[in-house]
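Down below is the structure, laid out as structure tokens.
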Amino acid sequence: MPHPSALPYILTPETGASKSSLLHYIHEHNNSIREALLRHGAILFRGFDLPNPKDFEDVALCIDPRLRNDYYGTSPRNIVPGTRFVYTASELPGYYPIPQHCEMSYVVHPPIHIFFYCHVQPKYGGETPLCDFRKVYAQLNPDIRKEFEEKGVLTVRNYSGLNKNRRFNLFELKRWDEIFHTTDRAEVERQCREQQIQWEWLPDGRLRLLHRTPAVLAHPVTKEKAWYNHLQVFHPYGAKVEYEYIHRRQKRLHTFFWKNFLSLLVYLKQMTTSPTDHSMNVLFGDGSPVPNEYVRHIQDVIWSNMVIIPWQRCDVLAIDNSSTAHGRLPYEGEREILACWSA
């Protein structure tokens with residue numbers, strides 16, 4: 001059944017492709033599957049007959065029964081009817097890339113495993129690239145890496161008041177009530193205390209969330225160090241670099257437009273907006289800005305280690321969130337990727 005691969009480890013049917021056959025295999029080989037996840041960082045289950053989201057949920061629960069549905073991330077997601085833990089991976093439009101990241105790296109208890117499922121195969125693009133962030137950590141410029149390890153990072157997220165129109169802000173993806181599932185400020189503050197998030201209520205009902213965390217994570221099991229923060233996702237310069245790489249890969253008219261438009265937009269925002277007023281940003285832990293050239297270097301290392309495999313219908317991808325990052329390339333046409341996670 002297994003086919004060795006650096007990233008991801010690929011499992012295909014040997015005898016039966018049914019869900020029951022796969023669940024039996026996972027049950028019988030649970031230890032080896034967990035070892036493969038630790039070693040490779042991700043496992044792709046391909047070629048199995050898993051036609052609906054409940055099948056996906058059953059497979060994920062068999063691998064890790066600790067699935068949960070609290071989500072403090074920034075990507076808009078909707079629960080899938082008929083399931084308890086399965087969500088749309090993202091409701092962001094197809095032209096919007098999602099740079100490489102370990103899920104919710106900035107919260108006190110990030111997910112242990114992330115699971116993705118291809119319900120509708122993309123017509124063009126829409127891959128979910130993977131990147132071993134242990135390799136990224138090892139390949140970073142030692143001086144830059146040392147600075148991040150010594151200072152840590154401060155992740156900043158700003159949200160408009162509930163009556164504010166966000167339509168023209170490409171960087172504000174959700175309202176704060178959509179993150180905390182309440183409009184009650186006292187409940188927001190309770191959750192922030194529970195999650196060790198610093199908060200600030202600003203004029204006009206705006207909310208600022210501040211997360212001070214290490215920039216690097218030692219794996220809870222293997223103790224291997226991995227790059228573990230959202231700098232390349234939230235730093236304004238990261239969007240510019242990301243779309244440069246995307247355009248080199250896809251070479252389409254709209255990627256050319258977004259590459260140049262974002263370059264201008266990022267320049268204007270960095271010139272006119274203070275670091276803590278950006279919709280999203282990552283600073284050093286002492287509050288000082290991270291230079292653009294650091295962001296480019298880190299993006300260069302990430303893209304040099306990315307693995308991009310096109311989705312096939314019924315694929316299930318299991319990811320060790322403490323070592324391996326994921327993202328999303330722009331797409332056109334139909335695409336439905338679903339997700340769940342454990343903690």
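Readers should treat all values here as calculations from the given coordinates under stated rules, not as data from a laboratory. Predicted, not measured: the structure shown is a model, and the values here were computed from it. FYI the Cβ positions are ideal-geometry reconstructions off the backbone, even for glycines, and counts take in every protein chain you see.
Per residue of the chain, the DSSP helices (runs of n ≥ 4 H) give a summed -39500 (n - 2.57) that works out to -10000 deg cm²/dmol at 222 nm. For Asp49, the amide hydrogen comes within under 5 Å of the amide hydrogens of Ser18, Lys19, counting only partners 5 or more places away or on other chains and with H modelled in the peptide plane. Once Rh is set to the Kirkwood radius over Cα pairs, what Stokes-Einstein translational diffusion coefficient, in µm²/s, holds for segment 129-256 at a temperature of 10 °C and a viscosity of 1.306 mPa s? Stokes-Einstein gives a translational diffusion coefficient of 91 µm²/s.
Between segment 230-287 and segment 8-61, the alpha-carbon centres lie 37 Å apart.
Local charge for Leu268 was computed over the other residues whose Cβ lies under 15 Å away, with Lys and Arg +1 and Asp and Glu -1, and equals +1.
State which entries of Lys174/Lys240; Lys151/Lys269; Lys146/Lys269; Lys19/Lys251 exceed 31 angstrom in Cα-Cα distance in the structure shown. Those over the limit are Lys19/Lys251.
If a paramagnetic tag sat 7 Å from the Cα of Ser18 along the Cα-Cβ line, which residues of segment 50-68 would have the backbone N under 13 Å from that point? Backbone N within reach: 50. Our summary gives the chain a relative contact order of 35 percent, counting only alpha carbon pairs under 8 angstrom and 6 or more residues apart. Using a 7 Å offset from Cα along Cα-Cβ at Tyr95, what residues in segment 253-287 end up with backbone N under 19 Å from the label point? In segment 253-287, the label zone of Tyr95 (backbone N under 19 Å from the point 7 Å along Cα→Cβ) covers 253-269. Spacing of the modelled spin labels on Asn30 and Glu334, each 7 Å from Cα toward Cβ, amounts to 3.7 nm. Phi-derived couplings, Karplus 6.51 cos²θ - 1.76 cosθ + 1.60 at θ = phi - 60°, listed residue by residue for segment 229-239: 6, 9, 3, 5, 9, 9, 5, x, 6, x, 4 Hz, with x used for Gly and Pro. The dipole here belongs to segment 134-302: it is taken about the Cα centre, uses +1 on the Cβ of Lys and Arg and -1 on the Cβ of Asp and Glu, and is about 640 debye. A Förster radius of 25 Å, combined with the Cβ-Cβ distance separating Ile144 from Lys223, puts the computed FRET efficiency at roughly 0.65.
The ranking of Arg77, Arg328, Arg190 by Cβ neighbour count inside 10 Å, starting from the fewest, reads Arg190, Arg77, Arg328. Relative to a virtual label point 7 Å from the Cα of Arg248 in the Cα→beta-carbon direction, which members of segment 328-343 show backbone nitrogen distances below 20 Å? Zone members listed by number: 328-331. Applying the Karplus relation 6.51 cos²θ - 1.76 cosθ + 1.60 with θ = phi - 60° to segment 315-329 yields 3J(HN,Hα) values of 4, 10, 10, 10, 10, 7, 6, 8, 10, 10, 9, 9, x, 8, 8 Hz, where x marks Gly and Pro. The three principal axes of the Cα atoms in segment 1-75 give end-to-end lengths of 39, 27, 21 Å, sorted in falling order. With bins 10 Å wide beginning at 0, the percent of Cα pairs of segment 296-343 falling in each bin runs 16, 49, 31, 4. Across all directions, the average projected area of the convex hull around the alpha carbons of the chain is 16.8 nm².
Applying the Karplus relation 6.51 cos²θ - 1.76 cosθ + 1.60 with θ = phi - 60° to segment 172-179 yields 3J(HN,Hα) values of 9, 9, 8, 8, 5, 5, 6, 6 Hz, where x marks Gly and Pro. The gain in end-to-end length when the Lys54 to Asp177 segment is fully stretched comes to 41.5 nm, 0.36 nm per residue minus the alpha carbon separation.
GNM on the chain, alpha-carbon springs under 10 angstrom: the most fluctuating residue among Val86, Val108, Val216 is Val108.
In Å, what Kirkwood hydrodynamic radius results for segment 49-104 from the alpha-carbon pair distances?
Working: mean 1/r = 0.0775 Å⁻¹.
Evaluated on segment 49-104, it is 12.9 Å.
As a proxy for reagent exposure, Asp55, Asp184, Asp177 were ordered by neighbouring Cβ count within 10 angstrom, fewest first; the result is Asp184, Asp177, Asp55. Near Val216, the amide H atoms lying under 5 Å from its own belong to Tyr228; only residues 5 or more places off or on other chains count, and H is placed 1.01 Å from N. Remark on His113: its backbone amide H falls under 5 Å from those of Asn321, Ser342, a criterion applied only to residues 5 or more positions apart or on other chains, H modelled at 1.01 Å from N.
Nearest 5 is fine: what % of DSSP beta bridges in the chain come out antiparallel, could you say?
Numbers: 52 of 55 bridges.
If I count the DSSP bridges inside the chain, around 95 percent turn out antiparallel.
Taken about its Cα centre, the chain carries a charge dipole of roughly 620 debye when the Cβ of each Lys and Arg holds +1 and the Cβ of each Asp and Glu holds -1.
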